[in-house]
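Enquirer: Here you go, one structure.
The values are calculated or read from the model by the stated rules, or taken from the named source; none is laboratory data. None of the values given here were measured: they were computed from a predicted structure. Because the Cβ atoms are built from the backbone with ideal geometry, glycine has one as well, and the counts that use them run over all protein chains shown.
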Amino acid sequence: MNRKLLALALVAACLPGLAAAEKVTVYKSTGANGETVYSQLQVSGSEAVQVNANSPEAQAAQATAEAAKTPAQEACEKAQANYAVLSSGRPVQFDRDGDGQPDVMTEDELATNRENAQRQVRAYCEPVADGE
């Protein structure tokens with residue numbers, strides 16, 4: 001009899017947590033091809049929908065947010081940012097000898113690093129033609 005009472009008490013203790021599952025807002029819209037799209041960001045023509053945090057709609061919105069940038073897009077952005085800094089005409093500092101003190105890049109170092117950054121921009125940002 002005590003085991004049944006204990007089991008009943010555990011179930012009763014868990015019910016409020018299940019009933020109060022976290023609600024999140026996702027935005028439902030129709031894509032260009034007529035598909036249903038869920039997003040964490042509001043876009044024009046979207047409808048706000050309250051869903052449980054672990055519902056399929058919330059998971060779809062999370063996946064959309066995570067898939068916003070591919071690793072290639074992130075690499076392209078980093079390469080462009082590096083090139084912009086190296087091409088800015090401003091002094092660029094780095095720790096040349098590991099002593100914790102920044103040193104200013106020489107013109108030769110800037111030119112070499114700028115050339116490498118430009119290669120990275122071409123590699124990560126420019127589309128590759130078929131057959132190459």
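Enquirer: For the range 24-45, which positions are among the aliphatic types (A, V, I, L, M) and closer than 17 Å to residue 59 by Cβ?
Expert: Within the range 24-45, the first condition is being among the aliphatic types (A, V, I, L, M), and the residues that meet it are 24, 26, 32, 37, 41, 43.
Listed by number, the residues that qualify are 24, 26, 37, 41.
Enquirer: From the residues in the range 81-105 that are farther than 20 Å from residue 71 by Cβ and in contact with a helix residue (DSSP H, G or I) (Cβ under 8 Å, 6 or more places away or on another chain), which one is surrounded by the most Cβ atoms within 10 Å (Cβ to Cβ)? Give the steps one after another, and end with the answer.
Expert: So in the range 81-105, the residues farther than 20 Å from residue 71 by Cβ come out as 84-105.
With in contact with a helix residue (DSSP H, G or I) (Cβ under 8 Å, 6 or more places away or on another chain) added as a condition, the list becomes 86-87, 92, 105.
Values: 86: 21, 87: 12, 92: 17, 105: 18.
The residue in question is 86.
Enquirer: While we're on this one: Got a number for residues in the range 71-105 being in contact with a strand residue (DSSP E or B) (Cβ under 9 Å, 6 or more places away or on another chain) and not in a loop (DSSP other than H, G, I, E, B)? Talk me through it step by step, then tell me what you get.
Expert: Step one: of the range 71-105, the residues in contact with a strand residue (DSSP E or B) (Cβ under 9 Å, 6 or more places away or on another chain) are 91-97, 102-105.
Subset that is not in a loop (DSSP other than H, G, I, E, B): 93-94, 103-104.
Qualifying residue count for the region: 4.
Enquirer: Quick one: in the range 106-128, which of the residues that are part of a helix (DSSP H, G or I) and β-branched (Val, Ile, Thr) is surrounded by the most Cβ atoms within 10 Å (Cβ to Cβ)? Lay out the reasoning, then the answer.
Expert: Narrowing the range 106-128 to residues part of a helix (DSSP H, G or I): 107-125.
When the remaining residues are screened for being β-branched (Val, Ile, Thr), the result is 112, 121.
On the way: 112: 13, 121: 19.
Applying the filter and picking the extreme gives 121.
Enquirer: Related question: In a loop (DSSP other than H, G, I, E, B) and either within 17 Å of residue 63 (Cα to Cα) or at pLDDT below 80 (or both): does that describe residue 21?
Expert: Values: in a loop (DSSP other than H, G, I, E, B): yes; either within 17 Å of residue 63 (Cα to Cα) or at pLDDT below 80 (or both): yes.
Yes.
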